[in-house]
Amino acid sequence: MNTIASEHRSGFVALVGRPNTGKSTLTNAMVGTKVAITSSRPQTTRRTIRGIVRRRGFQIVLVDTPGLHRPRTLLGERLNAVVSGEIDEVDAIVLCLPADEAIGPGDRFIAAHLPARVPRIAAVTKADSVRREAMVVKLAGVAQLDGFTDIVPVSAVTGYQVEELVTLLGERMPHGPDLYPDGEVSDQPPELMVAELVREAALEGLRDEMPHSVAVEVEEMVPREEPHRGLAVRVTVYVERSSQKGIMIGKGGARLKTVGIRARREIEALLAERVYLDLHVKVAKDWQSDPKQLARLGF
């Protein structure tokens with residue numbers, strides 16, 4: 001047997017936690033490129049995102065999961081079920097606990113219900129947002145949670161101890177070959193990544209409950225007809241009420257235009273080619289609680 005091959009490690013790591021605890025930002029930092037959308041809005045992540053991390057001697061497949069929360073809609077129930085299913089299949093779990101927030105009942109509930117069969121690491125995220133004294137208090141509180149093999153303060157923004165966390169996770173992976181080919185950073189299809197980038201752009205500047213009402217579907221991605229170059233991408237942004245449609249479009253279409261400019265820039269960087277982005281806004285009444293509409297949107 002090849003000794004080098006037998007020493008190689010690979011496996012899956014789930015990042016879990018309450019909404020808006022820095023899971024997606026940390027995922028991007030560890031992968032080294034953007035694979036998950038981010039926002040200051042809770043519950044931005046609605047799908048399981050896999051990001052692939054490679055280092056000498058190991059490969060980690062990060063599973064960025066939706067934030068666990070008390071569901072108020074059928075969508076919320078399904079997202080929680082997705083997380084429960086994912087953590088049953090991974091080789092290690094990272095619980096994200098933001099340094100600038102006190103440990104609450106939600107954190108304790110999640111920590112207590114993580115499976116004991118795999119290593120569990122507590123990542124104290126957003127370490128750059130607090131002073132050293134506050135971090136000491138936070139770490140002491142995390143240490144009182146049972147079952148964690150390691151506690152690692154990290155900052156995805158500054159890179160503080162991100163590589164240390166990657167190395168630690170690599171050491172916790174079982175022996176095995178690479179799970180994904182060299183060069184891949186995510187297993188998401190382009191259409192899903194485009195939809196997520198449009199939703200990320202659409203969430204900017206929204207208030208109150210509006211962000212939860214936004215869903216995005218890519219209707220078409222096709223090469224433009226000659227003599228034009230690049231891709232024609234037709235996208236529908238769904239909201240739940242007519243009043244929300246007006247907010248999304250903005251006065252004279254100004255807001256939707258801004259969303260399109262921001263999203264197109266990200267999509268072109270992702271696909272490495274010119275994109276003609278055609279955005280439309282439609283009302284899908286109460287889609288978060290409608291099984292048929294949820295199924296059509298892929299939830």
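Looking at D146, D107, which one is over 28 Å from S213 (Cα atoms) and assigned by TED's automatic domain parsing to the domain that holds F12?
Only one candidate qualifies: D146.
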(request) Would you kindly identify the helices (runs of 4 or more DSSP H) lying entirely within segment 8-125 that contain at least 3 residues that are closer than 27 Å to D178 by Cβ? (result) 23-31, 74-87
(message) Quick test for you: out of V281, V237, V259, V233, pick the one residue that is surrounded by 19 or more Cβ atoms within 10 Å (Cβ to Cβ), assigned to a helix (DSSP H, G or I) and among the aliphatic types (A, V, I, L, M).
(response) V259
(request) Residues being surrounded by 11 or more Cβ atoms within 10 Å (Cβ to Cβ), at positive phi and not in a loop (DSSP other than H, G, I, E, B): count how many of those fall in segment 240-255. (result) 1
(message) Out of the residues in segment 173-217 meeting the condition of being assigned to a helix (DSSP H, G or I) and either among the β-branched types (V, I, T) or at pLDDT 95 or above (or both), tell me which one is surrounded by the most Cβ atoms within 10 Å (Cβ to Cβ).
(response) V198
(message) One residue is enough: does segment 225-233 have a residue meeting the conditions under 25 Å from L75 (Cβ atoms) and not hydrophobic (A, V, I, L, M, F, W, C)?
(response) no
(request) Take E133 and decide whether it is surrounded by 15 or more Cβ atoms within 10 Å (Cβ to Cβ) and assigned by TED's automatic domain parsing to the domain that holds T21. (result) no
(request) Can you confirm whether segment 83-95 contains a residue that is exposed (fewer than 15 other Cβ atoms within 10 Å of the Cβ), out of contact with any strand residue (DSSP E or B) (no Cβ under 6 Å at 6 or more places or on another chain) and farther than 22 Å from R47 by Cβ? (result) no
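The values are calculated or read from the model by the stated rules, or taken from the named source; none is laboratory data. Because the structure is a prediction, the values reported are computed rather than measured. Here the Cβ is made from the backbone with ideal geometry for all residues, glycine too, and neighbour counts use every protein chain on show.
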